[in-house]
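Here's the structure, in structure tokens; my notes come after.
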Amino acid sequence: MSFLQPLFLAGLLAASLPIIIHLINRRKAVRRPFPALRLLRESNERIARSVKVRQWILLALRVLAIALVAFALAKPFVFSSEGVTDAERFPTAVVFVVENGVAMGYDDWWEEAQRVLEDEVDELRTWDEAALLTTADERRVRVGLTSDHRDVKRAMRDVEPSYRTGDVVGALLEADDMAAASELPNRRIVVIGTDTDAAVETHREISLASAVEYVSVRSDDEKAENLAIVDFSYRQTSAAREGQWSFEVVVENFGATDREGVRLELTLGPEVVGVASVDVAAGETVAHNFEYRMESADVVAGVVEIADEQRGLEADGRWYFHLEPRHRVRTLLVNGSPSSVPYDDELFFLTRALAPGAESGVGVIPSETTPEGLRRRNLDDYDAVVLANVGSLSSEQAAEIHRFVERGGGLMFTMGDEVDEDAYNQQFGDLLPRPLRGRKLLAERDDPDAPVKTTRMGHPKRQHPIFRGFDAPGSRALQNVSVYSYMLLDPAPAAQRTETLLTYQNNAPALLERRVGKGRVLLLTTTVDRDWTDLPLRTVYLPLMNRSLLHLARRVSFETADRYVVGDRVRIDVEDIVRERAIIRDEEGRRIVLEPTGGEVIFIPERPGTYYFYADDDGDAGQAITSLTISVNIDRSGSALEPFPHAVLAEWEGAYGGGELIEGAGDERRINLWSRFLFLVTLVLLAETVLGVRRSVLSETWARIAFWK
Amino acid sequence: MAESLRQTYLDPEILQSLDNMKLRARRLADGVLAGLHRSPHHGGSVEFSEYIEYTPGHELRHIDWNVYGKTDKFYVKQFEDETNLESYLLMDASGSMSFRGERAPYSKLEYASYLAATLAYVLVTQGDSLGAMGFADTAGTLLPAAARMSHLDDVFYLLEKLEGEGQTALDISLQRIAQHARRRSLVMVFSDFLDADEKTANVLRVLRSRQLDVALFHIVDDAELSLPYEGLTIFEGMEGDGDLLVDPDDIRVRYVEAMKEHCEWLEKTCHRADIGYLRTTTSAPLEEVCQHFLRRRT
């Protein structure tokens, strides 16, 4: 410390004045006779110690005040190397990017992130501006650049860790754009993150216009101990309506410690139906199978979870799913032309294409019968019925099929030699998309000129759910299908809603759809065996028939219903089900109301769990549409909580060179201290005033305050 | 000399305001002289009190035959008797009583003497007999009780001779009065009671148990209550009890509390022992204090 006016230090001698005055005052005490000396003595003994302490403090304060004044007058100063760059001297726009992805749910990382942000904001100077962005929200900007730093703190208190992984790089780029738009001379981005690779796209090259500082909430060298359910699957091991189910859980230990006796719990509905204990070595995965027999035919929401307090991340220790015993499409195939020769049987190819779905998550369970056997079947047990080359049926059978479709069942007509157009038009006129006119024979199957005479399948209606998957490479196989014969159709009545999904290359309709009541009807104008077409021999036969039946049973759009992750865009086909609005509710009662557009609704789940759909009314009168129930889980890619390569940080931080020296500034600058000394004098005098005030005045003031209260 | 003493202590205005006051002792004493004090014993006097129904044992001559003629029942007339009172003034003349605050009109001893003289005059003019005794470090000469107006001069003489020196021998003086006073006598003690303690309380209780009617006049100076002094001060004891260097501001709150506690203790002690207690400051008007005392005893 140096002084501009060191002569004033002589004023330090004046600090002895209070001591001299104190001593003089003691000698000037007034003598006064007083009768109640006993009471005076008693009172004095009680407070003598505190009075002496107070007097010494007062004396010290007075000496200090005079000494500080002398120091201040001497104008002390120091040299400092701080505050010589423009970054230190000029206003800065600071954009905070806070990672709020699922990894923040680990341990106390989120609380640490909040604390770090508060500290960082507190360090800002009043002339700096601040903004807040988060990484795992649709709308990342929480607060734009503002000089009111309290807004940033308030907004941070409202932020919650998301169940999404988050995109730090995307937020960083957005923050850089925001900082670049600021008019302040300095710009800085502070990323507060978990230091996990899942949230950062390390391969992405970026260039930044602002300085970046990364603050990790992870302690140095901290290895995150996390147990996660990384996969889960289930299947029905028997084809019965309520059957035996098998659930496979795959648990992975992402930590560095072997874990023994990890408890797994399988919950279906409100009950825990299975408990297991597994050992998982560090870095290893373990699979466990639960077996359970369902008693009910209803949809049951379930969750499998790691019931261990030290499982690490909360969110990836659970896997939500739902079971629907009628999850697969139960299809009744009515064989109109059975044959003892397998290749000649009408359903030979179809039954093999619709392979029993017991081993697959979603599939079609075919059940075969004849027109006569149809009488003995209860159509309510099925989701879809295929009339394959069936001749005429009895009027009771036709009426039963009609009712089946009206109630929501799916019906598919396929043609063949047995089909009687007149009988069909008469019996199924209310169901057929268009009336049948008669068979169009292009060529016999064994005709050597057949390749010239036949027609081929044309382009399907690609936006239709049946053909959405046909956009994939190789889908041109549909146009390779040869058709020797097909059924000609009459025009549909004017008011009838009929949609042609697929045509032949000669523009004759090949596949049509009609909605009747709550059900759907498909008409394939050729055969499902080799009589009229070589379709069954083509690769597209299997997906075409599968998807057609799934569509009839409304399964096409949600066949992966258990594989949604938080943040996915979930498209639900609700045509003919929802009139005005679709209501989605989760198990905790939160509801989302959506308006269908183009027969479907799209929603983005933000939390893991099971979601139920209601059409128009979710009150007492409303029933959840069980077939539209979906389960959503979090993306497991971030469960490892592995740190990302810190070379990335160096790239970010290297993108900006830091503050420049202000022109003309040396390595050090002088900092005057006298103003601080004078401020100290003020504080000391204030303390002296308070301590020096007579007790009577203090007690009177206190009494007034207490009375006023 | 007696006339001059009367001039000294009897303010004509004070006496005027007390002229019609009647001292009515709380407990009436048996007396020989007919006065104005009501007796608890009903007897044959001229002042009619009330009728009570006749029962065997009453004198037949007291039956009111006129009432019998009207109501056909025997009623006996009751009469009030009149008595006199023996009183003693016990004056504290210790060093502490000579204290006079900067704003006080009298010292405590002067105030107590004026108060005692006023009451003495009232009592003697009523025909009551009055005695007096001063005390400081020892009990002084006891002036026996008498009801003569000329005796009042002796009382005034005694009051004038009190000097306000030495320590307080309150307990001894109380014991001495207890030996001389007759039952149901009124003993009025004028003191600042700064040295009063449990021993004093016991002596007072003994006096009360001997059927003496005791009344304490607690004389205090305003300065004693509020300790109004400023600056570093050496307080000197007035009864040879040393001195104390202190800033009054530091101890004022605690001292005032201690003084208040002491006064309350004394008041409570008197209340429990059925002893009259009246605390007054030397700035309070004498006539009001006298009136207050006499009214309370009515």
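The values are calculated or read from the model by the stated rules, or taken from the named source; none is laboratory data. Since this is a predicted model, take the numbers as computed values, not measurements. Every residue, glycine as well, gets a Cβ built from its backbone with ideal geometry; the counts of neighbours run over all protein chains shown. Protein only, heavy atoms only, side chains kept; ligands, DNA and RNA dropped before computing areas. Shrake-Rupley method; radii C 1.70, N 1.55, O 1.52, S 1.80 Å.
In this structure, is A:ARG62 of a type outside the set (A, V, I, L, M, F, W, C) and within 14 Å of chain B (Cβ to nearest Cβ)? It would help to see each step written out before you state the result.
Numbers: of a type outside the set (A, V, I, L, M, F, W, C): yes; within 14 Å of chain B (Cβ to nearest Cβ): no.
Judged against the criteria, A:ARG62 is not a match.
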Exercise. Just for strands (runs of 3 or more DSSP E) wholly inside segment A:42-138: which have at least 3 residues that are touching a Leu at 6+ places or on another chain (Cβ under 7 Å) and touching a residue at least 40 places away in the same chain (Cβ under 8 Å)?
Worked result: A:76-80, A:92-98
Problem set entry | Filter result (surrounded by fewer than 21 Cβ atoms within 10 Å (Cβ to Cβ), out of contact with any Lys or Arg (no Cβ under 8 Å at 6 or more places or on another chain) and within 23 Å of B:HIS180 (Cβ to Cβ)) within segment B:123-142 | B:GLY127, B:ASP137, B:THR138, B:GLY140, B:THR141
For this session: Please find, among B:ASP195, B:ASP171, B:ASP137, the residue that is assigned by TED's automatic domain parsing to the domain that holds B:TYR277, assigned to a helix (DSSP H, G or I) and either farther than 25 Å from B:THR280 by Cα or touching a Ser or Thr at 6+ places or on another chain (Cβ under 8 Å) (or both).
Result: B:ASP171
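Could you check segment A:376-397 and list, in sequence order, the residues that are assigned to a helix (DSSP H, G or I) and open to solvent by 10 Å² or more (accessible area, probe 1.4 Å)?
Start the filter on segment A:376-397 by keeping residues that are assigned to a helix (DSSP H, G or I), which leaves A:376, A:379-381, A:395-397.
A:ARG376, A:ASP380, A:ASP381, A:SER395, A:GLU396, A:GLN397 - these are the residues of segment A:376-397 that are assigned to a helix (DSSP H, G or I) and open to solvent by 10 Å² or more (accessible area, probe 1.4 Å).
Quick check on my filter: what residues within segment A:263-309 are under 18 Å from A:VAL230 (Cβ atoms) and either assigned by TED's automatic domain parsing to the domain that holds A:THR626 or among the small types (Gly, Ala, Ser) (or both)?
First pass over segment A:263-309, keeping only residues under 18 Å from A:VAL230 (Cβ atoms): A:263-266, A:276, A:278-290, A:302-308.
Correct list: A:ALA276, A:ALA281, A:ALA282, A:GLY283, A:ALA287, A:GLY302, A:ALA307.
Among the listed residues A:ARG434, A:ARG445, A:ARG352, A:ARG403, identify the single one that is closer than 25 Å to A:ARG547 by Cα, in the same structural domain as A:VAL483 (by TED's automatic domain parsing) and part of a loop (DSSP other than H, G, I, E, B). Can you show your working first?
Working: A:ARG445 fails: closer than 25 Å to A:ARG547 by Cα; A:ARG352 fails: part of a loop (DSSP other than H, G, I, E, B); A:ARG403 fails: part of a loop (DSSP other than H, G, I, E, B).
One residue alone meets the criteria, A:ARG434.
Which residue is most open to solvent (accessible area, probe 1.4 Å), if the candidates are limited to segment B:174-192 and must be aliphatic (A, V, I, L, M) and outside any helix (DSSP H, G or I)?
Taking segment B:174-192 and keeping what is aliphatic (A, V, I, L, M), we get B:174, B:177-178, B:181, B:186-189.
Within this subset, residues satisfying the condition of being outside any helix (DSSP H, G or I) are B:181, B:186-189.
Numbers: B:ALA181: 17, B:LEU186: 2, B:VAL187: 0, B:MET188: 1, B:VAL189: 1 Å².
That would be B:ALA181.
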Seminar exercise, completed: Taking segment B:268-287 and the residues there that are touching a residue at least 40 places away in the same chain (Cβ under 8 Å) and part of a helix (DSSP H, G or I), the one that is most open to solvent (accessible area, probe 1.4 Å) would be B:GLU287
Exercise. Pick from B:ALA120, B:ALA112, B:ALA146: which is in the same structural domain as B:PRO285 (by TED's automatic domain parsing) and either touching a residue at least 40 places away in the same chain (Cβ under 8 Å) or open to solvent by 30 Å² or more (accessible area, probe 1.4 Å) (or both)?
Worked result: B:ALA112
Exercise. Can you name the residue in segment B:211-242 that is surrounded by 15 or more Cβ atoms within 10 Å (Cβ to Cβ) and of a type in the set (D, E, K, R) and is also farthest from the other protein chains (Cβ to nearest Cβ) among such residues?
Worked result: B:ASP213
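Residues are listed down the side, and each one gets a yes or a no for (1) more than 14 Å from chain B (Cβ to nearest Cβ); (2) at pLDDT below 90; (3) open to solvent by 80 Å² or more (accessible area, probe 1.4 Å):
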residue	(1), (2), (3)
A:MET1	yes, yes, yes
A:ILE19	yes, yes, no
A:SER43	no, yes, no
A:ALA48	no, yes, no
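Kindly provide the set of residues from segment A:596-612 that are open to solvent by 60 Å² or more (accessible area, probe 1.4 Å), of a type outside the set (A, V, I, L, M) and either more than 24 Å from A:ASN633 (Cβ to Cβ) or assigned to a strand (DSSP E or B) (or both), ordered by number.
Answer for segment A:596-612, where residues must be open to solvent by 60 Å² or more (accessible area, probe 1.4 Å), of a type outside the set (A, V, I, L, M) and either more than 24 Å from A:ASN633 (Cβ to Cβ) or assigned to a strand (DSSP E or B) (or both): A:THR597, A:GLY598.
What's the total number of residues in segment B:140-163 that are part of a strand (DSSP E or B) and among the aliphatic types (A, V, I, L, M)? Working first, answer last.
As a first pass, look at segment B:140-163 and keep what is part of a strand (DSSP E or B): B:140-146.
Next, only the ones that are among the aliphatic types (A, V, I, L, M) stay: B:142-143, B:145-146.
So the count comes out to 4.
Being open to solvent by 40 Å² or more (accessible area, probe 1.4 Å) and closer than 23 Å to A:ASP345 by Cα, is that true of even one residue in segment A:446-458?
As a first pass, look at segment A:446-458 and keep what is open to solvent by 40 Å² or more (accessible area, probe 1.4 Å): A:446, A:448-449, A:451-453, A:456.
Cutting the leftovers down to closer than 23 Å to A:ASP345 by Cα gives us A:446.
Yes, segment A:446-458 contains at least one residue that is open to solvent by 40 Å² or more (accessible area, probe 1.4 Å) and closer than 23 Å to A:ASP345 by Cα.
Considering only segment A:578-595, state which residues are open to solvent by 40 Å² or more (accessible area, probe 1.4 Å), more than 21 Å from A:TRP319 (Cβ to Cβ) and touching a residue at least 12 places away in the same chain (Cβ under 8 Å).
Residues of segment A:578-595 that are open to solvent by 40 Å² or more (accessible area, probe 1.4 Å), as a first pass: A:579-581, A:585, A:587-588, A:590-593, A:595.
Restricting the remaining residues to those that are more than 21 Å from A:TRP319 (Cβ to Cβ) gives A:579-581, A:591-593, A:595.
Listed by number, the residues that qualify are A:ARG579, A:GLU580, A:ARG581, A:ARG591, A:VAL593, A:GLU595.
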Exercise. In segment B:94-113, which residues are under 17 Å from B:LEU216 (Cβ atoms) and more than 13 Å from every other protein chain (Cβ to nearest Cβ)?
Worked result: B:TYR111, B:ALA112, B:SER113
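Taking the conditions exactly as written (more than 30 Å from A:MET412 (Cα to Cα) and either open to solvent by less than 20 Å² (accessible area, probe 1.4 Å) or at pLDDT below 85 (or both)), does A:ASP568 satisfy them or not? Steps first, please.
Numbers: more than 30 Å from A:MET412 (Cα to Cα): yes; either open to solvent by less than 20 Å² (accessible area, probe 1.4 Å) or at pLDDT below 85 (or both): yes.
Yes, satisfied.
Pick from segment B:243-263 the residues that are part of a strand (DSSP E or B) and open to solvent by 50 Å² or more (accessible area, probe 1.4 Å): which of them is farthest from the other protein chains (Cβ to nearest Cβ)? Give the steps one after another, and end with the answer.
Taking segment B:243-263 and keeping what is part of a strand (DSSP E or B), we get B:243-246.
Add one more test, that the residue is open to solvent by 50 Å² or more (accessible area, probe 1.4 Å), and what stays is B:243, B:245.
Working: B:ASP243: 8, B:LEU245: 6 Å.
Among them, the one singled out is B:ASP243.
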